[in-house]
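Quick notes on the structure that follows.
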Amino acid sequence: MNLMPSPPERESEHLPAVSWWDKLSQRSRDMILFVLLAASAIFGLLLLTDAYEKNLERTDTLTGYILFGLIIFLGALNSRKKMSMIPLGRASLWLSAHVVFGIAAIGLFWLHIGTIWPVGLYEQVLTAIFYLVAISGVIGFLLYRIGARQLTQSGVEVIYERIPRELYEIREQSEKIVLKCTEETGSDTLAKHYEDTLSWFFRKPRFYWQNIFGLQSSAHWMRFHAASVVRYLDEKETAHFDELMTLISVKRKIDHHYAAQDLMKKWLLIHLPLSIALLVLASWHWFLVEVYAI
Amino acid sequence: MILDQDKFKQENSAYERPNFPFRCGRALKWGKPCAHGPNNDGSCGGVTECRPFNDNGRWLCRKTGGSCGDGPLPTGECSQRQLACQPARTIRGIRMRMAFTFMAVMVAIIAAFGFGGGGGGDEGGVFLSPGPISGIHQNFTADAGCESCHKPHNKSAGSVIAAAFTKSGPSESCTDCHGFAGSPTAAHNASFTVGSSAAGSPHLLKTQCSMCHTEHMGVDGKITKMTDEQCHACHKVKFDSFTNGHPAFSANFPSRQRAKIAFNHTSHFEKHFVDPRNKANAPDERCVSCHKVSKAAQGVPVKSYKQMCSSCHDDAIKESSMVFFRLPEFTNDPFAGGKTTLSMAEAKKEFESASTEPLTPIIAHLLKVEADDPEGYSEAAGQLLRDMKETGAEAFVPLLEEAGGNPVSMLHGMPAELTKALTSAWAANKEYEPIDSEATGGWFATELTIGYKPSGHGDQVVKAWLDFAAKHGAESPLAELMDPSEGPGTCIKCHAVSKGAKQAKDDKALQIEWGAVDRSKSPFFAYNHEPHLNFLKVGAYCETCHKVDPGADISKAFKQFDPMIASSSFKPIKKETCAECHGRGAVAQNCLECHKYHNEPVINKSMGPVASK
Amino acid sequence: MSATAAGPTIARPQRWDSPFDSEMTDAMVEGLLEVKEIAGIQTDKFPARIPLEGILKNDTRIINYESGDIIVRQGDYGNSAFLVLDGDLRVVVSPGLPSDIMGRIDETQRTFFNSLSQLWTNRWFPEVRNDFSKAKTGLRHSEDKADTVRGVFLQDVPAVLDQHQTVVLSEGALFGELAALGRVPRTASIFAEGKATLLEIRWQGLRELRNYDEGWRRIINQRYRETALRTHLNETSMFHGLSDEVMSKISDQCLFETYGSFEWHTSFKQARNRGIEQEPIIAREREYPDGLLLIRAGFARESIKHGNSRRTVTYLGAGDHYGLEELYSAWKNPEDAGAALQSSLTSLGYVDAIRVPAPVLEEFVFPNMDPPESRIEKVRSRPIDQDSLLEWAVEERFINARQAMVIDMDKCVRCDDCVRACASTHGGNPRFRRHGKTHDHWMVANACMHCVDPVCMIGCPTGAIHRSLSGGKVIINDKTCIGCGTCANSCPYNNISMVNIADSSGTKIVDETTHKPIMKATKCDLCTGQLGGPACVRACPNDALKRVSFNEFDA
């Protein structure tokens, strides 16, 4: 999905004819293939369960085993990420499979339980956890797709772990500017305004959720506070203030990075621990079915 | 800093280590993170920047990347000191801990709540049960709990694990309480075997309750609700719905077999009831005069003979007497061996038989002689006569017993003096002079015979004799008794004689159907007349569906002994008649609407709480 | 670009401000002039500003070698030629000495289980080293400065002589000039059999000797023609199918040309800031070509006029040619005067070229050749934004890269899976940093690009950083690295990091006498010996990371 519009393609002479398949990115190609695979597998499974039902055989044993194997495969993505030292297939292939088969697992889950919400306490807990894992997965996927582009288009690039250092240095620099301004011009307008309002901004990343949702809150806030103080500054002070504004615009971009990268890491705090719980509870379910099912 | 040109230089930018589990505590609080970062053990690594080295008395800075400007303190400590921070875990570290915690919590919850449920007030097992069982079953399993159906429950760990590997026989748990007329693991609990080609699967040859019934669907779970597809699993002819593909009803539906009473509705409605001679006795209504609509169920039972038929048919019945004993023709005097008051001279006279008749078939059969062979039977018959003279009716008892009859019912009411009087006359070679006892019925005597006149419909003696005759089959001479044209055979005019379906081919015994067909005995047919009564067409009523077949002759069917040869005075009911309402989105048309699966389900246990095992 | 404000002044830097060996004395130079090969040089042929004595004093040095000292290692890059003054040397005949004797890394691929075992043997303690066994090469320290390493030496000379085929080089032998002038790897390993004295001539001096002295030129050119030139011509497709005789004729007529600064990496930043106007011009647009230029080494920029500036068509590297189109059309249509060069050629750093004269081509090559494709028109019709990635890559000199780590930032979710994968194949230590220069949505991360022209390798005292003999990766042998930091400072792209190593308990290791931290140079090694190739590429879950060469990179 290319969100950046490009100028119209010219009828360029020497370009060899490129099929639509080759124009797709590797990721898209992988996904299409997996969707086809999953669709045919589900179709086959539907036919099979239909045949089972017609023969008065239980379908939930079949769908249950497949579903269990599927969630183990989905969980195996975590192990694959730790094992890049041996050739196990491209991680992007695994992720495309994970996403496609994750969605397929929802359908398979409904096929297995025959309803959307089961009867029975522990089964309801299991279903709730499954839904949470699935929904958090979908949200995470969307976060990844949208967030990556947002960050690239912000204009700076910063490593998440280095943000505290960057902010510290910006803060230090901004305080230097303000002090220099006071020293050179003899007026503490800017210094006071800094202490009253701007220092809050520099202390840590701000406007977290506004940045996530693409609001322009920090620019808006800055414009307001700039407008508030500028009327009281003379030429020299304004020069210093301009330096400060440069820093502020950089810091705003870092804030955006912080918010997006933070969420892109923290959503996994929901997805992963819950999927472990899901695996434990699903194993318990399997055990119960093996022992008790009539 | 981010704006610096040389921010990528290796001395300004060390490797990032995503697997390192700690981060600087100052960074966490948005302060100034130290360059070194936390130590490997999680303690603050930025307290000092180096460990100074003492080179011949001089302390030198040993910072990675080059000495600091200030150099160490005279004491040998690093001059760049700061307070220790409290390093925190990185997000990956937190994630690892959360994963372990969630796993541990889940295991704990399972351990705490995943056991129990043993009944008798044990409320445990909330993480064990896949849902409440249906309300009905709950009442009966409250005491034993899960063990009522699940054998491995609450047993030792070894047997629980073993249960995971053994295939449980589901029907065992269900059949503790539920019973059927046939095997619980046969299709329809019936004795017929499902053809191996049924649905192509050997799995269906032996059925399990769980193939169709699912529990743990909640208190309101419908255990008995089935889909049509489930029936189609075995039935070869598969179709979409009743209106779309259901096979046509059988040719004689609903008369799969002939009735036990040969009542021809057609002749009665068309001839007998409209005959002016019968006007007084003919019923006012058509069907409901005889069929008790208030008891409408699978069948609509008929009223009693007395209510329906006696007004016309009683007379004929009372007339149909049975001849039991007839004095046969003798060549010699049967009484000759006994004492007589006759003179010698008279005795020497040529014997003239008082009777020229043969024996009755009954007596011939009892004596095991030919009925019309005087030479053959004279001795046995003579003996019989002499016994009759001596002991009266007692004479017949051993004969009857030997022939397999029941003398008490067959000779019921025969006065002892009757035979005495008869034989006295016959001993004198004279005919007996009877008193006319036509009016009262029962055993009577004529000049040469002993007979029995039935008292009315349902006469026990006649019934016993007919049963006795039927037992001997159609070939035996006793079969004459069953001839509908005369005598006791009048009963056979209405009551069918059949051969049982389960009888061996060479077993000649027949049986007489004394009662009307009890339709409630059809275990797989779920039809009930009662709800349909409101939908009968005005004017036609029963004949909405049961249309009388004008000119139907059902007698042919009753002349033979196979009850499955159907005959009915009604036109067969066609599927289309039912489909008028049951179909096309009108009234329900699923299989179970009209067909039942189980063969007479019963509950084995007594009502009331089940004692814990 | 820069303001012309008055500022501090210095004297203009002179060529010989940094002599090769500051301890060369006039007396030593005198002694050298007596050496047979140098005595024959006609001093008057040299210009006044570059006198022979000056060359000898500033561009050469005399080195004494002990028995076993490795003078040049096969496969290494070098900038000097050597003249044997005294003693005997041994040239190891192919296949050459084993890599461990040479101080090279063993590149055999790991077994599957060995690879898998990294899963549990990796440490998250930074830079743990477990193997402190001695390297098989000894380190030769300088006599006067004890902590300066001069080179490596063979431990066991007799054994080597015994087991390998060698050829003797004696007094008066000249070797190494190909590598020095041609930037090709040393073709063989040469070590001192006993004590030996060599005159090391750095390439600048060698160039002057070749330029101004008939004898030396003859020798060098002849050697070059016999070996490298012939090989290069054979590998050029337009000369395929020609007989040996014709090839000899062609190679005899070829001319050698060099342009630009050999040590471009040190002036890299200034060159970048000055821009395209300051690049040394090899050929100008609208002039007439007098021969086809075959690029032997280095990079040249082909550009066309664009308004008041210039626009890059492409960059040419080793194996590429320039001027073919124009020469062909001049031959095909002699009456057509429009056979002028359609683009200019400037050198990026330095360029070594071979000029094939037009008559040679017209006689032997053009008659059998299909008309060449036109590159220029394609570019003229394209909007400039389509070329901006290329322009940026040339500006940043990423054209040098053979395996640049390019990350598509639109796909990158900053998950660090690539860094973790890199760490998993290097004992838990990542070997690149996930930051770098960006253009549009592409980032070239700070990971070793395994350059065509690996300037990092210049100056490594031990040869720990070397190029894999299979011609690809540039690898650092952790065992022989002494942590001097030369390579890290040389790399123009800041892709080499110095790290303080630790023992298995995680404690940082310091030198036993000085207590200074022991450092090692580290960088990406393209997962040498690992199964499956570079782990970073395989580990990216969004397919964002690729290792590319910019002339093949289709964004």
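Angle between the Cα long axis of helix B:460-471 and the longest principal axis of chain B, 0 to 90 degrees, nearest 10? Its long axis makes an angle of about 70 degrees. Under the definition of Cα pairs under 8 Å and six or more residues apart, what whole-number percent is the relative contact order of chain C? After rounding, I find 16 percent.
Would you order B:Met98, B:Met217, B:Met410 from fewest to most other beta-carbon atoms within 10 Å of each residue's own beta-carbon?
Numbers: B:Met98 17, B:Met217 20, B:Met410 23.
So the ranking, lowest neighbour count to highest, is B:Met98, B:Met217, B:Met410.
The ranking of B:Glu215, B:Glu580 from fewest to most other beta carbons within 10 Å of each one's beta carbon is B:Glu580, B:Glu215. Between the C-alpha center of segment A:174-224 and that of segment A:72-102 there is a gap of 45 Å.
Convert 20 °C to kelvin, take the viscosity as 1.002 mPa s, use the Kirkwood radius over C-alpha pairs of segment C:355-417 as Rh, and evaluate the Stokes-Einstein diffusion coefficient in µm²/s, rounded to a whole number.
Result for D is 131 µm²/s.
Nearest 10 degrees is fine. How inclined is helix B:374-391 to the longest principal axis of chain B, computing both from alpha carbons? Approximately 80 degrees, to the nearest ten. Sparsely packed loop sites in segment B:460-557 (the trypsin sites (Lys or Arg not before Pro) outside DSSP H, G, I, E and B with at most 10 other Cβ atoms within 10 Å) comprise B:Lys502, B:Lys505, B:Lys537.
When the helices of the protein assembly as shown are scored as -39500 (n - 2.57) per DSSP H run of n ≥ 4 and the total is divided over every residue, the value at 222 nm lands at -10000 deg cm²/dmol. Its Kirkwood hydrodynamic radius, worked out from the mean inverse distance over all distinct Cα pairs, puts chain B at 35.0 Å. Sorting B:Phe561, B:Phe100 from the fewest to the most surrounding beta carbons within 10 angstrom yields B:Phe100, B:Phe561. Under the simplified labelling scheme, the B:Gln82-B:Ala104 pair shows an inter-label distance of 3.3 nm, with each label point 7 Å from Cα along Cα→Cβ.
Decide, for segment A:11-101, between rounded, prolate and oblate: order the square roots of the alpha carbon gyration tensor eigenvalues as a ≥ b ≥ c, take rounded if a/c falls under 1.5, and otherwise choose prolate if a/b is larger than b/c, else oblate.
The shape class here is oblate.
Taking a ≥ b ≥ c as the square roots of the eigenvalues of the Cα gyration tensor, segment C:402-514 is oblate, since a/c reaches 1.5 or more and a/b is not larger than b/c. Computed over segment C:398-548, relative contact order equals 29 percent, with contacts defined as Cα pairs under 8 Å that lie 6+ residues apart. For segment C:455-513 versus segment B:344-423, the inter-centroid distance based on Cα atoms is 137 Å. Neighbours of C:Met457 by Cβ distance under 9 Å: Lys/Arg scored +1, Asp/Glu scored -1, total 0.
How far is helix A:217-230 tilted off the main Cα axis of chain A, in degrees rounded to 10, range 0 to 90? Result, in degrees: 10. Could you let me know the centre-to-centre spacing of segment C:281-345 and segment C:396-443, using Cα atoms, in angstrom? Measuring centre to centre over Cα atoms gives 35 Å. What the Cβ-Cβ distance of B:Glu576 and B:Met226 gives, at R0 = 30 Å and to the nearest 0.05, is a FRET efficiency of 0.75.
A crude spin-label estimate for the pair B:Leu205 and B:Lys7, with each label 7 Å from Cα along the Cβ direction, gives 7.9 nm.
If the segment from B:Thr440 to B:Asp70 were pulled out straight at 0.36 nm per residue, it would be longer than the present Cα-Cα gap by 118.4 nm. Would you please state the base-10 log of I(q)/I(0) at q = 0.06, 0.08 1/Å for the protein assembly as shown, with intensities from the Debye formula using one equal scatterer on every alpha carbon? Computed log10 I(q)/I(0) values: -0.82, -1.18.
Here's the picture: charge each Lys and Arg Cβ at +1 and each Asp and Glu Cβ at -1 in segment B:416-544, and of B:Gly451, B:Phe468, B:Phe535 the one pushed furthest to the positive end of that dipole is B:Phe535. Values of log10 I(q)/I(0) for chain C across q = 0.07, 0.11 Å⁻¹ run -0.48, -1.19, by the Debye formula with one identical scatterer at each alpha carbon and no solvent. Residues whose amide H comes within less than 5 Å of that of C:Gly151, counting only those at least five positions distant or on another chain, are C:Arg140 (H built at 1.01 Å from N in the peptide plane).
Taking a ≥ b ≥ c as the square roots of the eigenvalues of the Cα gyration tensor, segment A:160-266 is prolate, since a/c reaches 1.5 or more and a/b is larger than b/c.
Bear in mind these aren't lab numbers, they're just calculated from the coordinates by the rules spelled out. Values in this document were obtained by computation on a predicted structure and should not be read as measured data. Cβ: placed from backbone, ideal geometry, glycine included. Neighbour counts: every protein chain shown.
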